[in-house]
1. The conditions are (1) within 17 Å of the chain's Cα centre (by Cα); (2) surrounded by fewer than 12 Cβ atoms within 10 Å (Cβ to Cβ), and Asn21 fails exactly one of them. Which is it?
2. Across region 12-40, what is the total count of residues that are within 16 Å of Leu79 (Cα to Cα) and of a type in the set (S, T, N, Q)?
3. So, in region 31-64, how many residues would count as being more than 14 Å from His83 (Cβ to Cβ), of a type in the set (Val, Ile, Thr) and surrounded by fewer than 17 Cβ atoms within 10 Å (Cβ to Cβ)?
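Please treat every number below as a calculation from the coordinates, not as lab data. What you see is a predicted model, and the numbers here were worked out from it, not measured in a lab. When we count neighbours, we look across all protein chains shown, and the Cβ atoms used for this are built from the backbone with ideal geometry, even at glycine.
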Amino acid sequence: MANIKSAMKRVKVSRQQNLRNRMILSATKTAIKRFDQALESKDEAAIEEAYTAAVSKVDKAVTKGVIHRNAANRKKAQLAKKHDAK
């Protein structure tokens, strides 16, 4: 453990940021899984709602710096491909 006051603060802040990033990434993955489940159910309204929610979560993750914008674009393209193939 760090002995210097500023180093102790950095450890505390980095733990908080890590927790926040994990929460955002987990919520994003959950939204994508819900979209996949909606596709399996073949309910048009649920598919549309889950698709917009998943794309929104991916965009918010980029805004908060959790995932890279190119990775987000790739995820959104994969979602759109599944959405159009329904």
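1. (2)
2. Matching residues across region 12-40 total 3.
3. So the count comes out to 1.
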